[in-house]
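**Q** Quick one: the structure is below, and I'll ask about it shortly.
The values are calculated or read from the model by the stated rules, or taken from the named source; none is laboratory data. Computed from a predicted structure; not experimentally measured. A quick note on method: Cβ atoms are made from the backbone with ideal geometry, for glycine too, and the neighbour counts reach across all protein chains shown. These accessible areas exclude ligands, DNA and RNA; they are computed on the full protein's heavy atoms, side chains included. Shrake-Rupley method; radii C 1.70, N 1.55, O 1.52, S 1.80 Å.
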Amino acid sequence: HSSGSQVGTVVERLIVGMSIPDPFLNKVHSLQILLDLTQTRSGKFPEQVEEIYLASPEGNPYTWWVGKANEKHYYWGGSGPGIQKCACGIERNCTDPKYYCNCDADYKQWRKDSGMLSYKEHLPVSQVVVGDLDRAGSEAKVSVGPVRCQGDRNYWNAASFVTSSSYLHFSTFQGETSADISFYFKTSASDGVFLENLGNTDFIKLELKSATEVSFSFDVGNGPVEIVVRSPNPLNDDQWHRVNAERNVKQASLQVDQLPLEVRKAPTEGHTRLELYSQLYVGAAGGQRGFLGCIRSLRMNGVTLDLEERAKVTPGVKPGCSGHCTSYGMYCANGGKCVEKYNGYSCDCSRTAYDGPFCIKDVGAFFEEGMWLRYNFHSPGTSVKDLVSRTLLSSADPEITAPDLSLNKEELSFSFSTTKSPCVLLYVSSYTPDFMAVLVNPNGNLQIRYNLGGTKEPYNIDIDHRNMANGQPHTVNVTRNGRDIVLQLDHYPPTSYSLPATSDIQFNSPKALFLGKVIEIGKIDQDIYKYNTPGFTGCLSRVQFNQIAPLKAALRPTNASSHVHIQGELVESNCGASPLTIPPMSAATDPWHLDSASADFPYNGQAIGDGVNRNSAIIGGVIAVVIFTILCTLVFLIRYMFRHKGTYHTNEAKGAESAESADAAIMNNDPNFTETIDESKKEWLI
C-alpha cells in the first residue's frame, strides 16, 4: 500500500470479500488465516503530507479487515487485537522505523507485511478494505490465505437441552475423596441445573442460580456446603463460558471463565467421603428447573462424557449445538436472519424491508398526491473522517458513505399500486448527473431509466405491453451487475437487458433515494420533471435498495431513521402487495361492470319481456318446479294420513246377521263352544 493524497481523502477503495458458513466454525476451537499485503512503486510527491494507512497507534488507518459480527479490526498478521501494528512493528524491524508496517514506508520497491491471524473470536475474515489506491505509480496486492482449523471430538462433544424438563443420565459419579468437574456452557436462560448426583444424604450439584451466579454445592455428611461465583457481566449472553469445580479432602473450589477462584476449606474433623448412589443427571432432575442451552466438553475426573451419543436417544435433548436454525432457518424469508433460541428460534428482519415473526409482513405506506419521502445515503453533518471509516452500500453496512464512492451493482425491489399516470415511483440521485429512476409513463406502462454517463440520452427499459396503473398490486425487481440488467415484473419470468457499450458501468456518488416525487437541487431529466407533477398517488411497500429499506426506516424506529425526511403524512399500509400474473378483465368484457353501456354479456339469447334475460327465466323455471314438487309431496302426505276417515271397526261375530239372537251368534262363531255341546250329547251308562 502507498500514500499520495491529502489527509482525510479516499479516492478509491478495494474490498475483498469472503464467506465461511457458521456451522463449520462451530466445530473449530483454533483458527488461523494468513493475511498478506504487498506494496510496490510509490506515487509519493515531495510536498506530500505523510500519512499512516495500515497501522497507527492513534487514530483509524485507511485500511482494515472485517471479521466476525461485522466488526472492523486494525491489527494485522503476526500482531494481536488492540495493537494497531504489523508483525514488523511488534518485532521492531520494519523497513522504515518511523512506521509500524513495511507497506507504510512508501518505497518504490515491493514491500510486504504478512502473518497469521489466530484470534478465533474475530475470525473468519469476511472483507479486507484498502483505501487510497487511485494514484499513478501506486500498486498494492492483497491475499487472504485459507482457514486452518484444529480441534478434537471431545472438545466439541456437546448436547442441546431444548426443554426445562429434559436431562441426560449416566452411571453414578465415583468421586468419594476427590472430584474434578469441568465443562463449557452457553445459554439465554437465567437459571437451571447443570448436573446433580444424589446419595442417601450426600449429594453434589452444579447450577446456574441466576444470570450472574454459578453455584457448586455438596454434602459429604457434615452438612451442605455451597460455593458461589458472581460475575459482573451476565452469563446468559449466549456465549461460551467455562466452569471448573474441584473438591478433595482438604478444600473445594469453583472458577468461572477467568474470574477469581472461590475456595472453601474443608473442616479438620468430620466426614470426607462422598457417597453417592443415584445416577448422574445432566440437566433437570428431582423436579428442579432444568438447564436450557448447550453443554459441551463435560469432563468428570478426567473422563469425557459422551453427551452427543446419549442425546441421540433422549427426548428433549439434541446432539451438538447446531440448534434450530439448521432445520428451520429456511422459514426466515426475504433475507431474514435466523437467531438461535434454546426453546426455538426467531427471525431478525432488521436488514430487510419486511417485518413480522418470519419477515413476511410487508411494510408499506399510502402516498397522497404531493407526498414524498427522501432517504439520504449519509447522515447530515457527517465528517469526511467518519465517512472514510465506513463501507459501501452494497456491503454489510447499510449506509452509503462518502460522495466520491461508486456502485458497480444495485439490487432494487418494491411493490406498488396506483390508478394515476404518469408518476415517479422511485428515483436515486447522485452528486453527479448519474441517476436511476422507475417511472409510470402517461400510457400506464412501466419504465426503468438509467443514466450512468457515456451516452447522450439515458438508457430506457420500457414495459409497454402491460398497464401498471390499473389499481392492482405489482412487484418490481431490478438487479444490475456491471452492464447486465435483469428485470422481473410480478410473477412473470425475468428478462435480461444490457447497457450500451459506450455507457459507464459505475453509478457515481449516489446521494439520496426519493419515493413518490423528486425534490432535488440541480438539473433533472425533462421527462422525469414532467412526471413529477402532481406526484405519485397510491401505495408503495417493501421497498429495498441494496441494504436500505427507506419505508421501514420511516415507519419503524431504527438507526437509519435519521436519514429519512418526509413531506406529508405517511399512513402505513401493505397495499395488498400480492402481485397478479393475469391482468384483470377489462370493463368492456366484464359482465359485472354496470357502468359500461356497451358491455357485451356472454349470453347471446334474446331478452325476455320486462327486462328479464334468459338467466332470470331459467332461475324462475327452476324455482317453479321446486315449488310444484313440494306441493305434490304435501298433498300425498295429507291423503295418506287421512285414508280411514269416516269408517270404524267392530268385533261382532261372523254369522251374526243370520242368527236368531246374540247368544246364537256367539255359539255359531266359537268353535270351543260348539265342541262342548257335541261332547254333552254323549250318554254314559254306569
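**Q** Restricting to DSSP loop positions (anything but H, G, I, E, B) with no more than 12 other Cβ atoms inside 10 Å of their own Cβ, which chymotrypsin sites (Phe, Trp or Tyr not before Pro) remain in the stretch 270-322?
**A** Tyr277
**Q** At most 13 other Cβ atoms within 10 Å and a DSSP loop assignment: could you name the trypsin sites (Lys or Arg not before Pro) in the stretch 223-310 that fit? All intermediate terms of the calculation are to be shown ahead of the outcome.
**A** Values: sites: Arg230, Arg242, Arg247, Lys250, Arg264, Lys265, Arg273, Arg289, Arg296, Arg299, Arg310; in loops: Lys250, Arg273, Arg289.
Sparse-neighbourhood loop trypsin sites (Lys or Arg not before Pro): Lys250, Arg273.
**Q** What does the extension gain come out to for Glu309 and Lys456, with contour length at 0.36 nm per residue minus their alpha carbon separation?
**A** 46.0 nm
**Q** Then there is this: Tally Lys/Arg at +1 and Asp/Glu at -1 over every other residue whose Cβ is under 9 Å from the Cβ of Ala159; what's the total? It would help to have the intermediate numbers written out before the result.
**A** Details: positive: Arg296, Arg310, Lys318; negative: Glu308.
Spelling it out: positives minus negatives among the neighbours equals +2.
**Q** Given Cα positions, please report Rg to Rh for the stretch 143-289, the hydrodynamic radius being the Kirkwood one.
**A** Over the Cα atoms of the stretch 143-289, Rg/Rh equals 1.02.
**Q** Quick one: net charge around Arg480, please, counting Lys, Arg +1 and Asp, Glu -1 for every other residue with C-beta under 15 Å from its C-beta.
**A** Summing Lys and Arg as +1 and Asp and Glu as -1 gives -2.
**Q** Rounded, prolate or oblate: pick one for the stretch 97-215, where a ≥ b ≥ c are the square roots of the eigenvalues of its C-alpha gyration tensor, a/c under 1.5 means rounded, and failing that, prolate if a/b is larger than b/c, else oblate.
**A** Prolate, because a/c is 1.5 or more and a/b exceeds b/c.
**Q** Rg(Cα) of the stretch 441-533 divided by 2.2 N^0.38 Å?
**A** The value comes to 1.15.
**Q** On to the next question. Determine the gain in length on full extension of the stretch Asn443-Tyr492; use 0.36 nm per residue of separation and subtract their C-alpha separation, reporting nm with one decimal.
**A** 15.6 nm
**Q** So for the pair Arg264, Ser171, with labels modelled 7 Å out along Cα→Cβ, what separation do we get in nm?
**A** 2.9 nm
**Q** Let me ask something else about it. Which FRET efficiency value, to the nearest 0.05, is calculated for Tyr529 and Arg351 with the Förster distance at 35 angstrom and r the Cβ-Cβ distance?
**A** Approximately 0.55, to the nearest 0.05.
**Q** Please list Tyr427, Tyr529 in order of solvent-accessible area, largest first, computed with a 1.4 Å probe with all protein chains present.
**A** Tyr529, Tyr427
**Q** Of the cross-linked pairs Lys68/Lys341; Lys85/Lys186; Lys341/Lys552; Lys205/Lys250; Lys68/Lys337, which ones have a Cα-Cα span greater than 22 Å in the structure shown?
**A** Too far apart for the 22 Å limit: Lys85/Lys186; Lys341/Lys552.
**Q** Okay, next question. All other residues with a Cβ under 14 Å from the Cβ of Gly316 taken together, and with Lys, Arg as +1 and Asp, Glu as -1, what is their net charge?
**A** Spelling it out: positives minus negatives among the neighbours equals +4.
**Q** Still on this structure, I have one more. Find, among the trypsin sites (Lys or Arg not before Pro) in the stretch 515-549, those assigned to loop by DSSP (not H, G, I, E, B) with at most 10 other beta-carbon atoms within 10 angstrom.
**A** Numbers: sites: Lys517, Lys523, Lys530, Arg542; in loops: Lys517, Lys523.
Listed in order of number, the matching sites are Lys523.
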